[in-house]
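Here's the structure, in structure tokens; my notes come after.
The values are calculated or read from the model by the stated rules, or taken from the named source; none is laboratory data. A quick note: this is a predicted structure, and the numbers were derived from the prediction, not measured. Note that we place each Cβ from the backbone using ideal geometry, even for glycine, and neighbour counts take in every protein chain shown. Surface accessibility is based on the protein's heavy atoms, side chains included, excluding ligands, DNA and RNA. Shrake-Rupley method; radii C 1.70, N 1.55, O 1.52, S 1.80 Å.
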Amino acid sequence: MKKTLSFLIAILFLFNAVSAQKNSADIYAQIKKLGVVGSVLYIAAHPDDENNSFLPYLTKDRMYRTGYLSLTRGDGGQNLIGKEQGIELGLIRTQELLAARQQDEAEQYFSTAYEFGFSKSFDEALRIWDHEKVLSDAVWVIRKFQPDIIITRFPRDARAGHGHHSASAIIANEAFIAAGDPTRFPEQFKYGVGPWKAKRILWNTFNFGSVNTTNNTQLKIEVGGYNSIIGKSYGEIGAEARTMHKSQGEGRPRRRGASYEFFETTGGAAPVNDIMDGVETNWNRFNAADIQDQINEIVKNYEIANPSGSVTSLVKLYRSIESLPASTWKQYKLAQLQAIIVDCAGIYFEVTTQQSQVFPGSQLATQLLVNQRSNVNTVLEKIILPGKDSITKQQLVNNQNVQLDYKFNVSDNTPISQPYWLVQPKSEGMFNVQNQELIGKADNDPVFIAAVQLNIEGNSFTVKAPVQYKYTDPTKGDQYQPIAVVPVVEIKYDKEVYLMKSDKPITISYQKTNHLGNNEQINVVVKDTTDKLPTPANALYRKTIQYDHIPTINYFPSATTKLVKLSVKTKGTKIGYIDGAGDKLPEALIELGYQVVNLKASDITKENLAALDAIVVGIRAYNMFDFLTDKNDILNEYIANGGNLIVQYLKSNQVGINKVKVGPYAFTVNSGRRVTQEEAAVEILVPGHAVLNYPNKIEAVDFEHWVQERSTYQAENIDTHFEMPLSMHDSNEPASNGSLLIAPYGKGNMVYLSLTLFRQLPAGNAGAYKILANLIALPKH
């Protein structure tokens, strides 16, 4: 167990120390935290489900070791900052959670559950997820983390809001019991864990709008305090962490003043005065009062202007803790303490390269830098680089750089930079991770790790750092990114979807990149969808995702494209597109043969719009951009003059604090009205409507093989001018006709579309292309 725990904790603490040394106030806070041995594991379903104001209260006020277990990576939601969906969105939200944890200093964990889309019931969620496997994952994380208490964000019933939320609470409460049962998941024990029984499990009740689950009989604690060491309240830190969820538009104001959290006991001994009632949270729990005394003395004598003055006492403390019997807390505190000693000694250590990528069999040139910015007695004993150990025995001198250039061969067996949960094909609801020791980890470990062995005040410490790609941006300065290990050969098709709209052959093109040379563009003439594309077996291509608030993401899906054969007729030539939260409608329009004109706020004038046959508005655009509400009269005039305005779904009826204005006739949207069963029957209410007949006949087959859901954020309170040609519903729910609204207005047509064409088009669904073509071709009046 010692090896596993030591590796986990070393990665957690020491890699975070690479980007910047802590300032003196941060070091002081970390020394105080050495004296606390309480731990909390918070469990919910998705990125952004965590209570962002409560976590920094736990980590920085109570100073507990705190973790957040998100069962999913948020793959099934929508993206407010780009076009990524599905797995790619999950990759973004993984990094956003890690960015949030950098703000609140909690740890981040995941299960192998895949967020397959919105789920209305916990039984559906637990059926599509592998209930027993997700439970095993949660038990594994509990047994490794060993929390004193567990807290859930949601209840186990409908008050949770939807199925994933309530399912996360069910899993957490089952895992609370199963983790302590030696007969449950005993196969985990060979990996160094044992049964673990937390003191209690609590539900962190909430007041979300119309749903208030708090009451005065529950345990109540104040969490909005101001931390003078940090210079922020926990509400302010929480807002900064919450704002990292940018793909969900979760930017929040910094809260100040008193704030309360409420708790209901769902298992274990109920607390009376505090969430940690009955839990010893100092070193007395290990009969180590002398260690508590040492920490108190170090805190008392700490000099804010001279952190290095505490190094000798901290090293002595390290030796005292090292003498204790093996335990999770011992390993955790030793790693924590080593990081503090390194920071107090003023040691900066990085290993960088000017290469953003390598491939197996290539070379990587690196630059190592060590600088001690204090007079602490430190000897650089050894430099440990991939394939090389160099014994130096060099005394470090205050503010003098020790530098080393080193080039090493990248092994032919080096795995590519594939996120571990994507190595194997997934099922509908689960990632397939074969290595038990990877379960729970937020991300891959760095590909290349370097280390230095330092003797600080007579004690040896091994300090690790990832080898990172470093460059200087002219506007941002020094930038650090992970190194990508890429396949020797990559293949990328020019398009995700190719349409064969007739029996004529089409040309499919792909780029073949050989990192040894011979890069080429390959064109293949395809006569039918059954033709086999001549790409190498197991070929991969690189997808790179870049946003300023997270590290660059590289992953490698299979090199494939979708070839869709359909007979589709189109009317019109020039289509305007207004970007929203990110969808791939423009690509689909181009593939159908339209000319697409991207419209910005300044482009929405009577003169510019007159040349367009139709305008398609991106998902959630009205909730993101107030210019659409401001220019509603211009858009209505465009419709009246014969244009077709197709508005994809709204998330709410607001843009900021104002009411959205959409089109000439009123309707509202309801976030709770959606059809999540992609196979739900579609009833034709108005069979003669043009949208179902012109220029393409829409039939039942066109609603087959849809992915994730039918419809989202349906309309209600609908003006009588709208016709609603379709009806659908999930099992055991009443029928709803709010997924497609069409109203003639003047010579043109206004459309509200909550059918999820934005998901179906990239998936290559033929029916979705036909529906889109018919919406654009709605006849003039």
Contour excess over end-to-end distance, with Cα ends at residue 457 and residue 384 and 0.36 nm allotted per residue: 24.2 nm
If you find the alpha carbon centre of the stretch 192-244 and of the stretch 45-122, how far apart are they in angstrom? 15
Relative contact order, percent, of the chain when contacts are C-alpha pairs under 8 Å separated by at least 6 residues? 10
Beta carbons within 10 angstrom, averaged per residue: use that to sort the peptides 92-105, 417-430, highest first. 92-105, 417-430
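With respect to the cross-link table entries 464/512; 600/780; 382/407; 512/584, which display a Cα-Cα separation exceeding 27 Å?
Numbers: 464/512 37 Å; 600/780 25 Å; 382/407 17 Å; 512/584 24 Å.
With Cα atoms farther than 27 Å apart: 464/512.
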What distance in nm separates the simple spin-label points at residue 306 and residue 397, each placed 7 Å from Cα in the Cβ direction? 2.3
Tell me, how many Å apart are the Cα centres for the stretch 574-596 and for the stretch 392-415? 50
Under 19 Å from the residue 684 label point (7 Å along Cα→beta-carbon), backbone N, the stretch 699-740: 699-706, 723-729, 736-740
Would you give the gap between the C-alpha center of the stretch 503-522 and the C-alpha center of the stretch 131-149, rounded to a whole Å? 47
Net length gained if the chain between residue 548 and residue 603 were fully extended (0.36 nm per residue, minus Cα distance): 17.0 nm
For the pair residue 322 and residue 732, how long in nm is the line joining their label points, each one 7 Å along Cα→Cβ? 6.0
Computed helical MRE - 222 nm, the chain, DSSP H runs ≥ 4 contributing -39500 (n - 2.57), nearest 500: -6500 deg cm²/dmol
Give me the distance in nm between label points sitting 7 Å out from Cα along the Cα-to-Cβ direction at residue 190 and residue 520, one decimal. 4.8
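Under a 1.4 Å probe, what is the accessible area of the chain per residue, stated in Å²?
Using a 1.4 Å probe on heavy atoms only, each residue of the chain averages 41 Å².
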Of the accessible area of the chain, with the probe set at 1.4 angstrom, what percent is carbon plus sulfur? 48
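Got the relative contact order for the stretch 204-314 handy, in percent, Cα pairs under 8 Å and 6 or more residues apart? Could the numbers behind the result be given before it?
Values: 112 pairs, mean separation 25.5, N = 111.
This gives 23 percent for the stretch 204-314.
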Enumerate by residue number the trypsin sites (Lys or Arg not before Pro) in the stretch 475-558 meeting two conditions: DSSP loop (anything except H, G, I, E, B), and at most 12 other Cβ atoms within 10 Å of the site's Cβ. 476, 527, 532
Rounded to the angstrom and largest first, Cα extents along the principal axes for the stretch 463-524 equal 63, 29, 21
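Which loop GluC sites (Glu not before Pro) in the stretch 583-655, with loop taken from DSSP, have no more than 14 other Cβ atoms within 10 angstrom of their Cβ? Write out the running numbers ahead of the final one.
Values: sites: 587, 591, 607, 637; in loops: none.
Sites meeting the loop and neighbour criteria: none at all.
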Loop only by DSSP, 15 or fewer other Cβ within 10 Å of the Cβ. Give me the GluC sites (Glu not before Pro) in the stretch 280-345 that pass, ordered by residue number. 280, 303
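Per the Kirkwood definition applied to all pairs of different Cα atoms, how many angstroms is the hydrodynamic radius of the chain? Before the final figure, lay out the partial values.
Numbers: mean 1/r = 0.0345 Å⁻¹.
Mean inverse Cα-Cα distance, inverted, gives 29.0 Å.
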